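Chemist: My questions all concern the structure below.
The values are calculated or read from the model by the stated rules, or taken from the named source; none is laboratory data. Worth saying up front: this structure is predicted, and the values here are computed from it rather than measured. Note that we place each Cβ from the backbone using ideal geometry, even for glycine, and neighbour counts take in every protein chain shown. Just the protein is used for accessible areas: all its heavy atoms, side chains included, with ligands, DNA and RNA removed. Shrake-Rupley method; radii C 1.70, N 1.55, O 1.52, S 1.80 Å.
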Amino acid sequence: MPPTNRIYLDNAATSWPKPAAVYDAVDRYMRKNGAPAGRGTYGEAIEVERLVSESRKQIADLIGVSDSKRIIFTSNGTDSLNLALHGLLRAGDHVVTTVCEHNSVLRPLRQLEKNRDVTVTRVECGASGIVDATAFEAAVNSNTKLFVLTQASNVTGAIQPAETIGRIANSRGIRFLIDAAQSLGHVPLNAIELRAHLIAAPGHKGLLGPLGTGVLYVAPGVEAYLHATRQGGTGTLSETDYQPMTMPDKYESGNHNVPGIVGLGAALTYLTERGVKHIALHEQELTSRLLNGFLSLDNVTIYGPHDAKQRVGVVSINIEGYDPQEVATMLDTAYSIQVRSGFHCAPLMHEKLSTRDCGGTVRFSVGAFTTHEHVDRAIQAVSEIAASAI
Ligand SMILES: Cc1ncc(COP(=O)(O)O)c(C=O)c1O
């Protein structure tokens, strides 16, 4: 658990603290094993390969997928999204996405518009940040190849109707990529029920693993048209200078971040034992408490749905009379409360929320280890800052 005087409410950036088993697993691997994965026949190398395979299987189990070779390890959520977007899209393809996306979706798409003649429709969301699924359908044209959706916004916390959008995508023969950066590990997620072709997620947020880890789920058959964006040593088929086409080697060139993946495995054991369903309930309860606390304050604006059931544990606010950066600094220096201020890498979302010209928002994000006391202290701090602005 964190030192008592530090209240960490920046879990949307990366989760902290991690389960104790994560620190132990990383330390144990670094001190006692240290071998590369998939590249040796001595005892430690075989053991580490087992640990990496086990982490892969745990991710597959978590998202309801039977073949763990469909899970690709990457460096972070951004890396997974780049592989999916650059690997999938060809000249002339049309993509439908939303104004709620993170720059890890928006920027690769801008690049592909510029350099590969890809066209993009960015559908709007409603005032609370929720997208109408029928807007995806309405945006489809004869060249539409891909829908891209952030399942939960890192600004408003709003949960999108991913299952409905997945159904539309599949009925129209369109591929569906989900950015699960703010949902995986926070709410139950099943790749099959969502009809997702690709799911990109960091390992270091809701999955509670170390920074420098990420995953990409690739549905059966998708590898036939998903190009590898990097080539190199995989430890397999070393007698040839052609990239292997087998899963997951096709997309996993270079030595793995084994300390990170082993730590992620330990985090997944914790997540599975505690249960994502229970974590979701815990975070929903905290979010509801936070929302109710902020709603009771006069000069505080809350962005996103006011019903905690429609959100993950991300709550953005502004206090009248204060710049978001000033609020974040006051929270840190006077209250030891750590939050994030600014645009949260989601510029189009701020246009929609009209928070572009006021410097964005102050974002509080709870996690698996956040307590009621943390939330109450955050509400008290915000109420004192808000009162001082009058
Ligand atoms: C919605 C969303 N997508 C993608 C990312 C990128 O994840 P990473 O920081 O692991 O690259 C983030 C991170 O904040 C995010 O919130």
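Chemist: Working from Cα positions, state the angle (0 to 90°, nearest 10) between the long axis of helix 276-295 and the longest principal axis of the chain.
Modeler: Orientation of helix 276-295: about 30 degrees from the principal axis.
Chemist: Can you tell me which of 23-29, 209-215 comes out highest on packing, and rank the rest after it, using the mean Cβ neighbours within 10 Å?
Modeler: Highest to lowest by the protection proxy: 209-215, 23-29.
Chemist: Give me, ordered by chain and number, the residues 5 or more places off Val215 or on other chains with an amide H under 5 Å from its own placed amide H.
Modeler: Thr74, Ala201, Gly203
Chemist: Where does each of 291-300, 365-374, 236-245 land if you order them by average Cβ count within 10 Å, highest first?
Modeler: So the order, starting with the most tightly packed, is 365-374, 291-300, 236-245.
Chemist: I'd like the Karplus ³J(HN,Hα) series for the range 107-124: coefficients 6.51, -1.76, 1.60, θ = phi - 60°, whole numbers in Hz, and an x wherever there's a Gly or Pro.
Modeler: Computed from phi, the couplings for the range 107-124 are 6, x, 5, 4, 4, 6, 5, 6, 9, 10, 6, 8, 10, 9, 10, 10, 6, 7 Hz.
Chemist: Compute the angle between helix 77-88 and the longest alpha-carbon principal axis of the chain, please, reported from 0 to 90 degrees and rounded to the nearest 10.
Modeler: Helix 77-88 sits roughly 50 degrees off the main axis of the chain.
Chemist: Give me the net charge of Asn33's neighbourhood, meaning all other residues with Cβ under 15 Å from the Cβ of Asn33; Lys, Arg count +1, Asp, Glu -1.
Modeler: That works out to -1.
Chemist: Considering only DSSP beta bridges where both residues belong to the chain, give the percentage that are antiparallel (nearest 5).
Modeler: If I count the DSSP bridges inside the chain, around 50 percent turn out antiparallel.
Chemist: Using unit Cβ charges (K, R positive; D, E negative) and no other charged atoms, how large, in debye to the nearest 20, is the dipole of the chain about its Cα centre?
Modeler: That gives a dipole near 640 debye.
Chemist: Along the charge dipole of the range 1-157, Cβ charges K/R +1 and D/E -1, which of Gly87, Ser66, Asn141 sits furthest on the positive end?
Modeler: So the residue furthest toward the plus end is Gly87.
Chemist: Which pairs, out of Lys205/Lys309; Lys57/Lys250; Lys250/Lys277; Lys18/Lys145; Lys32/Lys250, put more than 28 Å between their alpha-carbon atoms?
Modeler: Lys250/Lys277; Lys18/Lys145; Lys32/Lys250
Chemist: Further question: What do you get when you divide the Cα radius of gyration of the chain by 2.2 N^0.38 Å, with N the number of residues?
Modeler: Relative to the rule-of-thumb radius for its length, the chain sits at 1.00.
Chemist: Net charge near Ala200: determine it from the other residues with C-beta under 10 Å of the C-beta of Ala200, scoring Lys and Arg +1 and Asp and Glu -1.
Modeler: Spelling it out: positives minus negatives among the neighbours equals -2.
Chemist: Remind me, relative contact order of the chain in percent, using alpha carbon pairs under 8 angstrom and six or more residues apart?
Modeler: Rounded, it is 23 percent for the chain.
Chemist: May I pose another question? Would you mind classifying the range 276-388 by shape? Square roots of the alpha carbon gyration tensor eigenvalues, ordered a ≥ b ≥ c; an a/c under 1.5 is rounded, otherwise it is prolate if a/b is larger than b/c and oblate if not.
Modeler: Oblate shape, in that a/c is at least 1.5 and b/c is the bigger or equal ratio.
Chemist: If Lys and Arg each add +1 and Asp and Glu each add -1, what is the summed charge of the other residues whose beta carbon sits under 13 Å from the beta carbon of Arg6?
Modeler: Result for the neighbourhood of Arg6: -2.
Chemist: Now a separate question. If amide hydrogens are placed 1.01 Å from N in the peptide plane, which non-local residues have theirs closer than 5 Å to the one on Val120?
Modeler: Val95
Chemist: In sequence order, what are the phi-derived ³J(HN,Hα) couplings for the range 340-346 according to the Karplus relation 6.51 cos²θ - 1.76 cosθ + 1.60 with θ = phi - 60°, rounded to whole Hz, with x for glycine and proline?
Modeler: So the J values, rounded to whole Hz, are 10, 10, x, 9, 6, 6, 9.
Chemist: Keeping the other protein chains in place, figure out the carbon and sulfur percent of the accessible area of the range 21-156, with a 1.4 Å probe.
Modeler: For the range 21-156, the apolar C and S fraction of the accessible surface comes to 48 percent.
Chemist: Something else: Find how much the distance from Ala387 to Glu351 grows on full extension, using 0.36 nm per residue of separation minus their present alpha carbon separation; answer in nm with one decimal.
Modeler: 10.2 nm
Chemist: Pairing the Cα long axis of helix 372-388 with the longest principal axis of the chain, what angle in degrees results, from 0 to 90 and rounded to the nearest 10?
Modeler: 50 degrees
Chemist: Can you work out D for the range 110-222 in µm² s⁻¹ from Stokes-Einstein, where Rh is the Kirkwood radius over C-alpha pairs, the temperature is 37 °C and the viscosity is 0.692 mPa s?
Modeler: Roughly 220 µm²/s, to the nearest whole number.
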